[in-house]
Amino acid sequence: MDYIVLDLEWNQSPRGKSGERYGLPFEIIEIGAVKLDESRRVCGQFNERIRPAVYRQFHYKTKEILQIDMKELDEARSFKEVAQDFFDWCGQEYVLCTWGSMDLTELQRNLRYFRVENPMKKPLLYYDIQKLFSLLYEDGKSRRSLKDAVEYLKIEEDIPFHRALDDTLYTAKIMEKMDMDAVRQYLSVDYFHVPGKKEEELHMVFDGYAKDVFRIFPTKEHLMEDKEIVSTKCYRCKRSLRKKVRWFLAGGRNYLCLAFCPEHGYMKGKLRIKKAERGGVFAVKTLKLISEEEAESVREKKKEQEKKRRAKNKAAKKTAD
């Protein structure tokens, strides 16, 4: 099994969102990748620019960061040709690695827009090296830029940043220093292709938590009425658990709950409601066994949210009067 470390550069409408083409907010203009063997040694490189077909002028940020002239891109091949060659180069047995999740989303948007067959597996599991870096060296929640991570690990900065191949080489150097065995189980799930039917839903159990990706619902209200989505079950003993703290809105579209397993202890549930690419919403639920101290922090979070809600309602009532 090879690791394919991928990085993309893209352009957008020079007028920003007002000039955006439906289905293609960002057009890929360069694909860079390095192939690593199982020992994480570089055994291949792929780097090619792409001739733009939609956004024929640079957005000022793209031009500022990449320092590319549009005339250089005019001599490149089309996205379809380059993408097909890229996947041929990847081979059959590989796992994709990226710094963050945006590259895979934009790659698949471009594949769909330009009607290029998407050969990637579904569900698409990949390594988000930015997340793994945080799990190994920080709190697991913070996200550093690639340059910050390179500086943190004292990797020599001998090539520029913000070019596709160069950024993959830096990412590969970070992977070389990482203890992959410690984080190998933490595969990320790509949400571009959301399960369309119940039988396509994902139910995965990792060493320290469980993750479920549910199908698309027309509205959040329909989603929250589904008993399986709002249920809590211990992923170790499969026992259905009674909630100590029912689901509550913890900020944005994220909900939290607290349950208790008589055999394994407290379990925190997190429900993230996301918009699907083509309309509707879906849910990603994670369940994690936690300590009593962490359980108390969930209770405190609930109290804080209730206090904020009461203050908001009081302010609204005062305004109405």
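The values are calculated or read from the model by the stated rules, or taken from the named source; none is laboratory data. Values in this document were obtained by computation on a predicted structure and should not be read as measured data. Don't worry about glycine lacking a Cβ; one is built from the backbone with ideal geometry, like all the others, and counts go over all protein chains shown. Surface areas here come from the heavy atoms of the whole protein model, side chains and all, with no ligands, DNA or RNA. Shrake-Rupley method; radii C 1.70, N 1.55, O 1.52, S 1.80 Å.
The table below gives the values:
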| read-out | value |
| --- | --- |
| Condition check for LEU96: within 23 Å of CYS43 (Cβ to Cβ), open to solvent by less than 70 Å² (accessible area, probe 1.4 Å), assigned to a strand (DSSP E or B) and at pLDDT 95 or above | yes |
| Restricting region 99-109 to residues that are among the hydrophobic types (A, V, I, L, M, F, W, C) and assigned to a helix (DSSP H, G or I), the residue that is most open to solvent (accessible area, probe 1.4 Å) | MET102 |
| Answer residue from region 249-262, given it is at pLDDT below 95 and either closer than 13 Å to MET224 by Cα or surrounded by fewer than 16 Cβ atoms within 10 Å (Cβ to Cβ) (or both) and is farthest from the chain's Cα centre (by Cα) among those | LEU249 |
| Cross-chain or 6+ apart pairs with Cβ under 6 Å, region 13-38 first and over 15 Å from PRO52 (Cα atoms), then outside any loop (DSSP other than H, G, I, E, B) and among the acidic types (Asp, Glu) | GLY32/ASP7; LYS35/ASP2 |
| Qualifying residue in region 56-71 (condition: modelled with pLDDT of 95 or more and either closer than 21 Å to PHE192 by Cα or surrounded by fewer than 20 Cβ atoms within 10 Å (Cβ to Cβ) (or both)) | no |
| Test: residue in region 12-35 that is modelled with pLDDT under 95, farther than 17 Å from TYR113 by Cβ and acidic (Asp, Glu) | no |
| Which listed residue is over 26 Å from the mean Cα position of the chain (by Cα) and either open to solvent by 30 Å² or more (accessible area, probe 1.4 Å) or not small (Gly, Ala, Ser) (or both), from ARG21, ARG40, ARG15 | ARG15 |
| Tally of residues being free of Cβ contacts under 8 Å to residues at least 24 places away in the same chain and within 16 Å of LYS275 (Cα to Cα) across region 209-250 | 3 |
